[in-house]
Amino acid sequence: MAIPSMCRLAARQPIASRLGARLYTSAAVQAKLTAYGHGHVQMQNRSAKTCRFSARNPRHVPCRYQSTATSADPEDGNAEDGNDEAPSGTYSEADHEHAVISTFDLFSIGIGPSSSHTVGPMRAGNIFVADLVEADLLHKVNKIRISLYGSLALTGEGHMTPSALLLGLEGADVETVDTDYVPNRFTEIKESKKLMLGGTKEIDFSYERDFTWEWGRKLPLHSNGMRLSVFDEEGMPLATNDLFSVGGGFVVNGALSTMSTQSSATAQSDNAAQGTELQPEGGAPNKHPADLAENLFYKEIRRSDAAGDRRTGSEVKPRDSATDGTPDQLLEAGASEQSGLVLGSSSGGVTAEAEPHASDSHNAQQPRYPFRDATSLLALCKEHNLTIAQIVYENEKSHGYTDDEIFKKLFRIWEVMDNSILEGVQAPLNTTLPGSLKLHRRAPALYKRLTRGLYPSNTGDVGNGTNGAGQQQSSPAGRLGSGESGTSVTPTQKAGIVQRRQRYPRVHGSLVHPITPSPVRRTTLPAMDYLTVYAIAVNETNAAGGRIVTAPTNGAAGIIPAVLKYTTEFVSDDPERDIPTFLLTAAAIGMLYKRGATISAAEGGCMAEVGVACSMAAGAFAACMGAGPETIEQAAEIGIEHNLGLTCDPIGGLVQAPCIERNALGAIKAISSANLALSSEAGTQKVRLDDAIRAMRLTAKGMRNEFKETSLSGLATSVPLHIPVSVPDC
């Protein structure tokens with residue numbers, strides 16, 4: 001695999017020779033300039049090199065060529081030479097790249113309905129503004145233009161991407177923002193046509209004009225791409241960046257490209273020498289795989305706060321400190337020190353030096369027990385006589401957390417998970433979820449039926465109009481009982497007793513036929529019923545934009561809380577022991593998928609979300625049942641093996657149908673997978689977890705894009721509801 005250039009300075013040569021046969025026609029250029037509105041356009045050739053041209057001066061303005069496209073993988077059947085954009089990123093494994101990330105990055109607190117389309121964009125908005133501040137450009141910004149690509153454009157409207165991204169630009173923290181504030185502020189922005197960048201810089205913003213949807217187009221690295229550009233008062237571009245939400249709330253931050261005024265840029269064009277290119281240094285330790293996009297991430301807002309081996313993109317060098325009259329003004333200082341890149345120039349190669357503090361952070365945060373796949377993880381457990389949860393715990397300590405901090409964070413994660421279940425079952429009865437689908441909530445009625453026979457003190461708050469915070473709601477529907485299938489829901493009060501008119505069940509079929517119809521009845525499986533209501537409750541909270549834990553994504557956020565809730569309530573004799581064991585074990589399994597395959601539905605369909613969460617929950621439940629590492633691995637493998645090929649085709653672009661029910665079935669399947677592994681002899685299975693992860697990666701690469709969170713096929717188009725999504729049919 002060829003490693004793409006992170007940065008390249010344009011040489012002074014004819015435009016046609018730089019862009020080759022893919023040179024835009026003059027009409028196309030003019031159309032792009034008109035659409036851009038500020039005499040500035042970014043153009044792409046096959047390798048996705050970004051060029052900037054000026055409408056005021058036909059000469060080429062020297063700028064950063066930013067290439068994040070990967071070469072076509074021989075295994076990848078999606079590569080097409082005829083596309084203007086390169087195919088979305090594909091992932092390969094590399095022996096020198098470990099899979100260890102922090103549990104508290106994999107399990108992060110956020111808002112619904114989507115980790116890749118809501119949490120990621122909100123975090124990306126914060127990152128972009130933070131980079132502008134570091135580049136000393138925020139005070140000069142007068143206008144911003146936002147473009148969404150790929151899956152973000154196709155289903156972003158139903159996933160609340162615009163509101164999340166705009167509030168992120170205003171500085172909202174995804175972990176603490178008031179969930180009711182988000183839609184209200186989004187409405188204010190559209191009505192006032194004002195946007196407060198970073199909470200300090202107010203600019204004019206027209207949602208209809210400055211927020212664009214690039215339907216049918218993708219940026220090279222990942223399907224969930226965002227391009228943000230800012231301009232000064234004269235309409236000249238100040239900076240632009242491409243950011244990618246790669247699933248689970250993780251964001252890949254590109255290199256912020258800054259551009260000075262037109263006159264100075266033209267002067268730099270006259271001084272441009274031979275093009276420079278960042279070349280990979282062979283054999284560099286801890287270097288990221290070229291096509292493993294999901295390991296190039298961080299969840300921190302400022303680049304300098306990210307772990308040294310988990311950053312990507314060049315650092316931003318303020319223009320004030322740049323050397324006047326040299327092409328280096330348009331290059332950020334250095335590159336990611338861990339990537340081992342060397343800056344080559346016409347005068348000789350110069351190694352890009354790492355920042356001292358970043359290097360120190362990198363050395364200090366190396367995991368104590370690094371593993372890259374399930375085989376190496378099991379070997380560590382055997383060598384050091386540690387459980388999988390203990391391995392992850394020790395790695396968290398090597399990340400700088402103390403024992404108290406680790407336990408406090410773990411139980412905070414569980415608290416939010418538990419509250420998301422509570423909020424879901426305490427929602428008013430007979431209400432619908434937001435969005436054009438108008439899907440009815442089912443968790444309150446299911447929970448009320450499940451807990452019938454208990455005293456009112458335990459069930460009286462369910463469906464009585466209170467929310468998860470205990471605040472009274474005004475909806476009268478919340479005061480109605482759910483009723484049973486054979487009774488009316490219209491009660492009459494008499495002598496303090498609620499009386500319901502008896503309604504006999506209707507039986508379809510002839511009662512005098514030799515084959516008599518079966519009576520209406522229902523099988524009671526308490527474990528299955530509780531798992532179902534827990535999972536549905538979380539995902540209904542998520543669909544309503546409530547606060548949940550990304551575990552490992554929002555679309556699959558109900559599986560792990562449901563299985564953990566069932567474990568603590570009906571299985572565990574020591575929740576304070578089993579909750580950390582469950583979460584740490586699940587995190588280890590999630591790390592393997594994030595490195596070896598994907599947790600993004602835009603890359604791997606629903607098997608990357610529900611499938612991965614089912615596998616994580618299966619292994620974690622087995623751990624709480626006292627299983628050894630090999631049995632845990634087997635449980636995790638069973639959990640993913642029977643989710644391979646699961647498509648992501650949300651109806652109406654909403655994280656509701658089939659997402660909510662799939663979480664309920666995923667939780668049930670996780671328990672079944674664990675029980676099957678516990679009933680088997682450890683180490684006798686023929687399919688190992690590493691095999692299943694490789695199969696998942698190949699399946700994701702072979703899956704058509706219509707089934708990867710685009711709402712362009714499957715249930716999204718088969719259900720005749722005629723719900724408009726972001727993209728037209730043409």
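Given a cut-off of 20 Å, what percent of all Cα-Cα pairs of the stretch 110-164 lie beyond it?
Working: 478 of 1485 pairs.
Looking at the stretch 110-164, the distances longer than 20 Å represent 32 percent of pairs.
Take every Cα-Cα distance within the stretch 365-442, group them into 5 Å bins from 0 onward, and report for each bin the whole-number percent of pairs it holds.
3, 13, 14, 13, 11, 10, 7, 8, 12, 7, 2, 0
Sorted from largest down, what three extents in whole angstroms do the Cα atoms of the stretch 525-641 have along their principal axes?
Projected onto its principal axes, the Cα set of the stretch 525-641 covers 39, 33, 26 Å.
Long-range amide H contacts for ALA239: which residues qualify at under 5 Å (H placed 1.01 Å from N, peptide plane, sequence gap of 5 or more or a different chain)?
Amide H to amide H, under 5 Å and 5 or more residues apart or across chains, ALA239 pairs with VAL230, MET259.
First obtain the Kirkwood hydrodynamic radius of the stretch 560-607 from its Cα pairs, then insert it into the Stokes-Einstein equation at 10 °C and 1.306 mPa s, and state the resulting D in µm² per second as a whole number.
Details: Rh = 12.2 Å.
In µm²/s, the coefficient is 130.
Taking amide H atoms as placed 1.01 Å from N in the peptide plane, list the residues 5 or more away in sequence, or in a different chain, whose amide H sits under 5 Å from that of GLY249.
SER116, GLY120
Of the accessible area of the stretch 89-196, with the probe set at 1.4 angstrom, what percent is carbon plus sulfur?
On the way: 1420 of 2990 Å².
Carbon with sulfur: 48 percent of the solvent-accessible area.
Considering every Cα-Cα pair within the stretch 98-199, what fraction, in whole percent, is farther apart than 22 Å?
More than 22 Å apart: 33 percent of the Cα pairs in the stretch 98-199.
Report in % the part of the accessible area of the stretch 586-687 that belongs to carbon and sulfur, leaving out ligands and nucleic acids; probe 1.4 Å.
Values: 1350 of 2480 Å².
About 55 percent, which is the carbon plus sulfur part of the accessible surface.
What pairs in LYS408/LYS565; LYS565/LYS686; LYS201/LYS708; LYS190/LYS218 have C-alpha atoms more than 30 Å from each other?
Values: LYS408/LYS565 18 Å; LYS565/LYS686 32 Å; LYS201/LYS708 37 Å; LYS190/LYS218 26 Å.
With Cα atoms farther than 30 Å apart: LYS565/LYS686; LYS201/LYS708.
Kirkwood Rh and Cα-based Rg: tell me the resulting Rg over Rh for the stretch 595-657, rounded to two decimals.
Details: Rg = 13.3 Å, Rh = 12.3 Å.
Ratio value, two decimals: 1.07.
Accessible area per residue for the stretch 545-666 in Å², computed with a 1.4 Å probe and the full protein assembly in place, what is it? Intermediate results must be reported in sequence, preceding the final value.
Numbers: 2360 Å² over 122 residues.
Per-residue value: 19 Å².
Please report the spacing between the Cα centers of the stretch 160-179 and the stretch 405-430 in Å, no decimals.
20
Sorted by packing (mean other beta-carbon atoms within 10 Å per residue), highest first, where do 630-641, 196-207 land? The partial results should precede the final answer.
Details: 630-641: 27.7, 196-207: 15.6.
Per-residue mean Cβ counts within 10 Å order the peptides as 630-641, 196-207.
Under a 5 Å amide H to amide H cut-off, with H placed in plane at 1.01 Å, what residues pair with ARG372 once short-range neighbours are removed?
Counting only residues 5 or more places away or on other chains, the set is ALA99, LEU377.
Output wanted: per-residue J couplings in Hz (rounded whole) for the stretch 581-589, from phi through Karplus 6.51 cos²θ - 1.76 cosθ + 1.60, θ = phi - 60°, x for Gly and Pro.
Running phi through 6.51 cos²θ - 1.76 cosθ + 1.60 with θ = phi - 60° gives 4, 4, 5, 5, 5, 4, 5, 4, 5 Hz.
Explain nothing, just compute: Karplus ³J(HN,Hα) = 6.51 cos²θ - 1.76 cosθ + 1.60, θ = phi - 60°, for every residue of the stretch 541-552 in order, whole Hz, x for Gly and Pro.
Once θ is set to phi - 60°, the couplings for the stretch 541-552 become 4, 5, 5, 8, x, x, 8, 9, 9, 5, 9, x Hz.
How much area per residue is accessible in the stretch 114-177 when the probe is 1.4 Å and only protein heavy atoms are counted (Å²)? It would help to have the intermediate numbers written out before the result.
Values: 1250 Å² over 64 residues.
With the other protein chains kept in place, the stretch 114-177 gives 20 Å² per residue.
Could you sort PHE570, PHE211 by their accessible area in this structure, using a 1.4 Å probe and putting the largest first? All intermediate terms of the calculation are to be shown ahead of the outcome.
On the way: PHE570 100, PHE211 5 Å².
Ranked list, largest accessible area first: PHE570, PHE211.
Along the Cα-to-C-beta direction of LYS193, a point sits 7 Å from the Cα; which residues of the stretch 201-222 have their amide N less than 14 Å from that point?
Backbone N within reach: 203-211.
How big is the Kirkwood radius of the stretch 589-730, worked out from every pair of different alpha carbons and given in Å to one decimal? Can you show the working numbers first?
On the way: mean 1/r = 0.0645 Å⁻¹.
By the Kirkwood definition, the hydrodynamic radius is 15.5 Å.
Provide, for q = 0.16, 0.26, 0.28 Å⁻¹, the log10 of I(q)/I(0) from a solvent-free Debye sum over equal Cα point scatterers in the stretch 160-220.
Calculated log10 I(q)/I(0) at the listed q: -0.54, -1.14, -1.25.
The values are calculated or read from the model by the stated rules, or taken from the named source; none is laboratory data. Everything quoted here is computed from the prediction, not taken from an experiment. Neighbour counts run over all protein chains shown; Cβ positions are idealised from the backbone, glycine included. Just so you know, the surface numbers come from the protein's heavy atoms only, side chains and all, with ligands and any DNA or RNA stripped out. Shrake-Rupley method; radii C 1.70, N 1.55, O 1.52, S 1.80 Å.
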